[in-house]
Every structure is written in C-alpha cells, then in structure tokens.
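Working notes for the structure below.
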Amino acid sequence: ASVQRARDGRSAWVVRWREGGRHRGRRFTSRADAELFRVAVERRITRPGGASLDAWLDRWLSVHALGWERSTVRWRRDVVRRDIRPWLGRERLEDLSRARLLEWRSELVARGATAGVVNAARRVLSAALSAAVEEGLLQANACRGIRPLPTRRPDRRPIPVGEVERIRAAMPTA
C-alpha cells in the first residue's frame, strides 16, 4: 500500500493498494489519517492466516520479485494469472490444505493442462507459500509432499549399429 498526494490539486491524500487481484484506493483529507489507514490495510492483507491467496500473491510478486530476472517475473506472473488465481485466489492462506491443492491439480488436469503445466504451477505456488512461511504468515507449505505429475518423455531409439557404420564410413577422414 502507498500514500500519495491526490492529483486533482486539492489538499487530499490517497491510499492505493492491491487486493484480491484488483487495484483499490481511498481518499483522506489529512496525511496522518491516510497513513493510519495504510497501516491497517497492510495489516489486513498480511495478517497471519487472514489474507487471501490473491492478496499474498500480489505482495509476493511485487516484493520478492526484486531479485528475479525479468523473464522469471513475467513467467511467474503468467502462471499465477492463468493457473493459480482462477482456482485458488479467493482461498484464505490458512485454508489451503494438501487436500485442496490436490483437488486444484485435478481441476487443472481435467481442463486439459499438461503434466508440465501443472507441475510448473505447483512449483510457483510452492515458492509463494514458502515465502509466506518465511514471513510467518503460514505454519507450513501445503505444497510440501505433493509430488510432481509424471511427464512423458519422447521415445528415443538408438541408431542401429549398421547405420552408425555407414555414417562413419561416409565421413571424411583427416
């Protein structure tokens, strides 16, 4: 959350924050009132267990992304937007359980997501929940112990010995 002077030229202050995947704002006549409200908003958003996953993901992507490569930020934002928020965004952090995350994974698969996409989403969510544990917002990461889905590797067949010999024979010698 941030406090800024209102842009309309009047002596007003605006508190802006992001919650539930949406930008929010509220006007105040004094900066002191705006600061008090900002602190209350930040407490509500980051209150242990009280915050929604949406609110935590907003904070995680803005605060923790400072050390990430630009491509990593873009990729994680996309995974969050496409594969996490639509199913889990409104859940409270404290309500995320292993059982709920297994349901989420099944929902992704039922919608046609590949094992690779589902595993990537699980990794991103696990990273976000690990950061919430480190900040004291959660007791444990509900993704822990959920194994990745098996992925199919393309069949690789060795080249027959006769063909290797033909290739070797056709190569120029030094």
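The values are calculated or read from the model by the stated rules, or taken from the named source; none is laboratory data. Please read all numbers here as calculations on a predicted model, not as lab measurements. Cβ: placed from backbone, ideal geometry, glycine included. Neighbour counts: every protein chain shown. Surface areas here come from the heavy atoms of the whole protein model, side chains and all, with no ligands, DNA or RNA. Shrake-Rupley method; radii C 1.70, N 1.55, O 1.52, S 1.80 Å.
So here's what we get for this one:
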item	result
Subset of segment 64-113 [closer than 16 Å to Ala131 by Cα and open to solvent by 70 Å² or more (accessible area, probe 1.4 Å)]	Leu66, Gly67, Arg77, Arg92, Glu94
Members of segment 20-34 that are open to solvent by less than 70 Å² (accessible area, probe 1.4 Å) and at pLDDT below 85	Gly20, Gly21
Residues within segment 128-174 that are free of Cβ contacts under 8 Å to residues at least 40 places away in the same chain and part of a helix (DSSP H, G or I), tallied	14
Considering residues of segment 112-125 that are part of a helix (DSSP H, G or I) and among the β-branched types (Val, Ile, Thr) only, the residue nearest to Arg74 (Cα to Cα)	Val124
Any hit, segment 117-128, residues being open to solvent by 80 Å² or more (accessible area, probe 1.4 Å), more than 21 Å from Arg82 (Cα to Cα) and modelled with pLDDT of 90 or more	no
In segment 129-142, the residues that are over 15 Å from Arg59 (Cα atoms) and surrounded by fewer than 16 Cβ atoms within 10 Å (Cβ to Cβ)	Gln139, Ala140
Some residue of segment 143-156 being loosely packed, with under 14 Cβ neighbours inside 10 Å and among the acidic types (Asp, Glu)	yes
